[in-house]
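I have placed the structure first, in the form of structure tokens, so that the comments after it can refer back to it.
The values are calculated or read from the model by the stated rules, or taken from the named source; none is laboratory data. The structure displayed is predicted, hence computed values, not measured ones. Heads up, the Cβs are rebuilt from the backbone with ideal geometry, glycines too, and the neighbour counts pull from every protein chain shown.
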Amino acid sequence: MKFFSKKSVVDTDSKKIEEILSRSVSSVLPSREALATALSSGKRLRFYIGADATGPSLHIGHATNFMVLEKMRRLGHEVIVLFGDFTAMIGDPSGKDSARKQLSPKEVADNIRSWKDQVSKIVSFSGSNPARIERNSKWLGKLSFGDVIDLSSQFTVQQMLERDMFDKRMKENKPIFLHEFMYPLMQGYDSVAMDVDVEIGGNDQTFNMLAGRTLQKSINGKNKFVIATTLLVNQKTGKKLMNKSEGGYIALNDSPDEMFGKTMALPDEVILSVYTDCTYLSNEEIEKERKFILGGGNPRDAKIRLAQALVSIYHGDAAAARAQESFVGAFSTGAMPSDAPEASVAADALLVDVLLGAKLVSSKTDFRRLVSEGAIKDLKGQGAIKAFDAKVTSDMDLKIGKHRFLKISLK
């Protein structure tokens, strides 16, 4: 399967290229210098990012990759956003100490429904050089068993076992399922099917992206570049920021108030990383924020500016201004904001289900953590919620953590 692109004038400005390759980029394979040379040659390259449809929303950590992709599109290169509808049904084992739950075709289709809208806030799908969307079921669903055997022959079991998570599971006597070995082959074949020049992905995807480099070289005779981007990690704790079980998950389709409040709840030590990896602010503007923080400035002020920048990307400047006004008003008085989200529920509904439905907690684990910390309070006078199985028996004005609110009324 071959893709043919229209001719386009490519920007070879060395300063722009250097800035792209030096921001939010962990490593480039085979080398940063080789890719910089290719980008400076005037040849139009084909870039892609793949994202498996394992959930209904993308988060600001995913935005890092899409922002690098968009910058390449603006240089005039061809860019593809690949929705992994087929690979989502296999499940990527990267970073997992147990096998992922395999999804049904319906679950994948439901997840992917709003993805273009989410990504379109970062990557342009219109204009003179629009990005395009592909789904890998288009080619992976057509592979025969013989094709899979041919792909498998390009790799050894020893290579697969070099992956950290597999080595860890073997030492802990946890199962490794055969279909998990298939995942890097399938993702690798995406590079072959689209005949790409460059793949962009988080540095936790390096093994999978290199599998694509191997297959692209052996099948299409092309040396594919790999751009591994930095992950949003709290350097103090070593934990990923966009982890639903840990809280703090900022989805691209969060409401302005949700996005603003969740940004304000981020740990102070990650502010600069989020500025760098998740906004289009210039390096000079981010350097000003760095000097402000290191010079003793109030981190809260830096986070307000960060929240404004994030909300502006996904909802516009006016919505960002309203979200800030709402947040500052609620924070300063501790009262229920006038524009707080509302939910009408049946009597005796489980509170955890209500908050999950309103997207004000990211998981049941997140809910239990907040309850344990006394961080869910009813401003109507009931005080902190103490029971994990609490039910809604009357109207409630809830404050969740420091910055989230929900007005609940009984049907």
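Of all helices (runs of 4 or more DSSP H) completely enclosed by the range 85-152, which ones contain at least 2 residues that are exposed (fewer than 15 other Cβ atoms within 10 Å of the Cβ) and modelled with pLDDT under 85? Walk me through how you get there before you give the answer.
Details: elements: 87-90, 105-112, 115-119, 137-140, 145-152.
Result: 105-112.
Out of (1) modelled with pLDDT of 90 or more; (2) under 21 Å from Thr214 (Cβ atoms), what's the single condition that is false for Glu162?
(1)
How many residues, within the range 167-199, are part of a loop (DSSP other than H, G, I, E, B), in contact with a strand residue (DSSP E or B) (Cβ under 9 Å, 6 or more places away or on another chain) and on the phi < 0 side of the Ramachandran plot?
Filtering the range 167-199 for residues part of a loop (DSSP other than H, G, I, E, B) gives 172-177, 195-197.
Checking which are in contact with a strand residue (DSSP E or B) (Cβ under 9 Å, 6 or more places away or on another chain) leaves us with 195-197.
With on the phi < 0 side of the Ramachandran plot added as a condition, the list becomes 196-197.
Adding up the residues that qualify gives 2.
Under 28 Å from the mean Cα position of the chain (by Cα), over 22 Å from Thr279 (Cβ atoms) and modelled with pLDDT of 90 or more: is that true of Leu306 in this structure? It would help to see each step written out before you state the result.
Details: under 28 Å from the mean Cα position of the chain (by Cα): yes; over 22 Å from Thr279 (Cβ atoms): no; modelled with pLDDT of 90 or more: yes.
Criteria not met by Leu306.
Out of the residues in the range 22-55 meeting the condition of being free of Cβ contacts under 8 Å to residues at least 60 places away in the same chain and within 22 Å of the chain's Cα centre (by Cα), tell me which one is surrounded by the most Cβ atoms within 10 Å (Cβ to Cβ).
Keep residues of the range 22-55 that are free of Cβ contacts under 8 Å to residues at least 60 places away in the same chain, which gives 22, 31-33, 36-37, 39-44, 52, 54-55.
Filter again for within 22 Å of the chain's Cα centre (by Cα), leaving 22, 52, 54-55.
Working: Ser22: 10, Asp52: 24, Thr54: 17, Gly55: 16.
For the range 22-55, the residue satisfying everything is Asp52.
Considering every residue within the range 211-233, establish whether at least one is in contact with a strand residue (DSSP E or B) (Cβ under 7 Å, 6 or more places away or on another chain) and of a type in the set (D, E, K, R). Write out each step before concluding.
As a first pass, look at the range 211-233 and keep what is in contact with a strand residue (DSSP E or B) (Cβ under 7 Å, 6 or more places away or on another chain): 212-213, 224-233.
Okay, now just the ones that are also of a type in the set (D, E, K, R), so 213, 224.
Checked against the condition, which is being in contact with a strand residue (DSSP E or B) (Cβ under 7 Å, 6 or more places away or on another chain) and of a type in the set (D, E, K, R), the range 211-233 yields at least one hit.
I'd like the full set of residues that are among the charged types (D, E, K, R) and within 18 Å of Tyr280 (Cβ to Cβ), limited to the range 103-130. Even if it seems obvious, please write down each step before you answer.
Looking only at the range 103-130, we keep the residues that are among the charged types (D, E, K, R), and these are 106-107, 110, 113, 116-117, 121.
Scanning the range 103-130 gives a single hit, Lys121.
For a quick check of your reading: which helices (runs of 4 or more DSSP H) sit entirely within the range 210-322 and have at least 1 residues that are in the same structural domain as Ser57 (by TED's automatic domain parsing) and surrounded by fewer than 14 Cβ atoms within 10 Å (Cβ to Cβ)? Explain how you work it out, then say what you get.
Values: elements: 256-264, 271-278, 283-294, 299-315.
In the range 210-322, no matching helices (runs of 4 or more DSSP H) lie anywhere.
Applying the selection to the range 198-240, what residues are in contact (Cβ under 8 Å) with a residue 40 or more places away in the chain and of a type in the set (S, T, N, Q)?
The answer is Asn203, Gln205, Thr206, Asn208, Thr214, Ser218, Asn223, Thr229, Thr230.
Would you check if Lys15 is charged (D, E, K, R), assigned to a helix (DSSP H, G or I) and over 14 Å from Ile122 (Cβ atoms)? Spell out the reasoning first.
Working: charged (D, E, K, R): yes; assigned to a helix (DSSP H, G or I): yes; over 14 Å from Ile122 (Cβ atoms): yes.
For Lys15, the condition - charged (D, E, K, R), assigned to a helix (DSSP H, G or I) and over 14 Å from Ile122 (Cβ atoms) - is met.
Quick check: anything in the range 51-72 in a strand (DSSP E or B) and touching a Lys or Arg at 6+ places or on another chain (Cβ under 7 Å)?
Taking the range 51-72 and keeping what is in a strand (DSSP E or B), we get 51-52, 59.
With touching a Lys or Arg at 6+ places or on another chain (Cβ under 7 Å) added as a condition, the list becomes none.
No, because not a single residue in the range 51-72 is in a strand (DSSP E or B) and touching a Lys or Arg at 6+ places or on another chain (Cβ under 7 Å).
Looking at the range 347-392, which of the residues that are among the polar types (S, T, N, Q) and in contact with a strand residue (DSSP E or B) (Cβ under 8 Å, 6 or more places away or on another chain) is nearest to Lys411 (Cα to Cα)? Write out each step before concluding.
So the first thing to find is which residues in the range 347-392 are among the polar types (S, T, N, Q), and the list is 362-363, 365, 372, 382.
Pick out the ones that are also in contact with a strand residue (DSSP E or B) (Cβ under 8 Å, 6 or more places away or on another chain) and you get 362, 382.
Details: Ser362: 25, Gln382: 20 Å.
Among residues in the range 347-392 that are among the polar types (S, T, N, Q) and in contact with a strand residue (DSSP E or B) (Cβ under 8 Å, 6 or more places away or on another chain), the one nearest to Lys411 (Cα to Cα) is Gln382.
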